[in-house]
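*Asks:* Before we start, here is the structure in question, set down as structure tokens.
Bear in mind that the values in this text are calculations on the coordinates, not laboratory data. In this text the structure is predicted, and so the values were computed from the model without any measurement. Neighbour counts are summed over all protein chains in view; Cβ atoms, including those assigned to glycine, are modelled from backbone coordinates with ideal geometry.
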Amino acid sequence: MTEKPVFSRDQLVSASSVVKNFSDIRNRAKHLPLFVTDNGVVDTVVMSYEQFERMYMRLVELEEAQEEEVLEARLKEIMAEPSLGVPWNDPEADFRE
């Protein structure tokens, strides 16, 4: 997935506007993320901590699922071809040829 986020014009705020109206920006960002522009280019996102926490937890969940998939694939390889594995009780096994 390489799609960029979609947002409305109402969610765009200039960096100078943020400086002048920070309290208002914080309140608005509690409802929807705001995209701060510098010279017309989005370079910062302001969002509520609650939104950030949900996003962070989802990222951790996806990373854990991906790790699990990788480990399961490796385990299947080793089960199919045991010689690919390294005994857990032989720390020098990796260094032998």
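*Asks:* Report, ordered by the first and then the second residue, all pairs with beta carbons closer than 9 Å, sequence separation of six or more or different chains, a first member in the range 54-72 that is free of Cβ contacts under 8 Å to residues at least 24 places away in the same chain, and a second member that is surrounded by 10 or more Cβ atoms within 10 Å (Cβ to Cβ).
*Replies:* Taking only residues 6 or more apart or on different chains, the pairs are M55/M47.
*Asks:* Name the residues in the range 1-47 that are polar (S, T, N, Q) and not in a helix (DSSP H, G or I), would you?
*Replies:* Residues of the range 1-47 that are polar (S, T, N, Q), as a first pass: 2, 8, 11, 14, 16-17, 21, 23, 27, 37, 39, 44.
Across the range 1-47, the qualifying residues are T2, S8, S14, N21, T37, N39, T44.
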